[in-house]
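Beneath this line is the structure, given in structure tokens, with notes to follow.
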Amino acid sequence: MEKGMISVDRWSEGSQVYFLTHLHADHTNGLSPTWKRGPLFCSSVTAKLFPFKFPGFNLSLLSVLDVTHWHSLSLISPSSGLETTVQVMAIDAHHCPGAVMYLFRGEFGCMLYTGDFRWETTSKRAQIGRTTLLNALKNEKLDILYLDNTYCNPLYSFPSREVAAKQVVNIISSHPEHDIIIGIDSLGKEDLLLYISRLLNMKVLMLKMQKNYICDPLPFFVGSNTRNPVGWELKDIL
């Protein structure tokens, strides 16, 4: 793909269209409420969360991509000046709410930009994502792969989300007389809170603040009743 056509998670000038994989800070560096360099494509969930992350952003710049569907874009080739068609499909990355991969195809061939993803072998959502990718490729091969390999080194061995959630529940269960405070510093821990609440039949309370929790760290209190553990102003969320 020629330079000057598409940027993914990169927000400087010089591209015709921009794509956002998800709303974590390391992928939005350069975005701001006043950013207006071109159309910005993202998933529907990311679009709904966008005003909380960037209050005052011109939402007319956002274009929502339906996951698992091909979308066609008419762009201009910087080298020839002629119109060219690029197709793109958003695929669930199973990283945090709204996170997607992007599969592009056009005159340049077929290119996959993974962004952050977590396709665990035991995850049904990850299996759907893999099936979507293979069905979209059919008999084609990837010509270019942009792979997020932050934890690709075998030295990093993490438990699955399911195992990690069970470990958290076991810790909470083993301390029934204690107040449990969980610090949430980024988007993506919501499933853990739901899991704790449902499995232990406990309420999850959040400290009231003006800003949305995807922007700032917030403590969550887990308890069997609604008493206030430390004098905070709390609201019942689960």
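The values are calculated or read from the model by the stated rules, or taken from the named source; none is laboratory data. Owing to the predicted nature of the structure, the values given are computational and were not obtained by experimental measurement. Heads up, the Cβs are rebuilt from the backbone with ideal geometry, glycines too, and the neighbour counts pull from every protein chain shown. These area figures cover heavy atoms from the full protein model, side chains too; ligands, DNA and RNA do not enter into them. Shrake-Rupley method; radii C 1.70, N 1.55, O 1.52, S 1.80 Å.
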Exactly one condition in (1) surrounded by 13 or more Cβ atoms within 10 Å (Cβ to Cβ); (2) in a strand (DSSP E or B); (3) not charged (D, E, K, R) is not met by F57; state its number. (2)
Being assigned to a strand (DSSP E or B), without any contact (Cβ under 8 Å) to a residue 40 or more places away in the chain and open to solvent by less than 80 Å² (accessible area, probe 1.4 Å) narrows it down to one residue among L145, L103, L75; which is it? L103
Top-ranked residue of the stretch 12-43 - restricted to ones that are in contact (Cβ under 8 Å) with a residue 40 or more places away in the chain and either basic (K, R) or outside any loop (DSSP other than H, G, I, E, B) (or both), ranked as surrounded by the fewest Cβ atoms within 10 Å (Cβ to Cβ): A25
May I ask you to list pairs of residues, at least six apart or on different chains, whose Cβ atoms are under 6 Å apart, with the first in the stretch 112-129 being surrounded by fewer than 19 Cβ atoms within 10 Å (Cβ to Cβ) and the second being at pLDDT 95 or above and part of a helix (DSSP H, G or I)? none
With respect to T46, determine if the residue is assigned to a loop (DSSP other than H, G, I, E, B), polar (S, T, N, Q) and closer than 27 Å to D185 by Cβ. no
If you check S186, S80, which single one turns out to be within 25 Å of D9 (Cβ to Cβ) and among the small types (G, A, S)? S186
From the option list L187, L205, single residue qualifying as open to solvent by less than 100 Å² (accessible area, probe 1.4 Å), modelled with pLDDT under 90 and not in a loop (DSSP other than H, G, I, E, B) is L205
All but one of (1) open to solvent by 50 Å² or more (accessible area, probe 1.4 Å); (2) charged (D, E, K, R); (3) within 21 Å of V88 (Cα to Cα) hold for D9; which doesn't? (1)
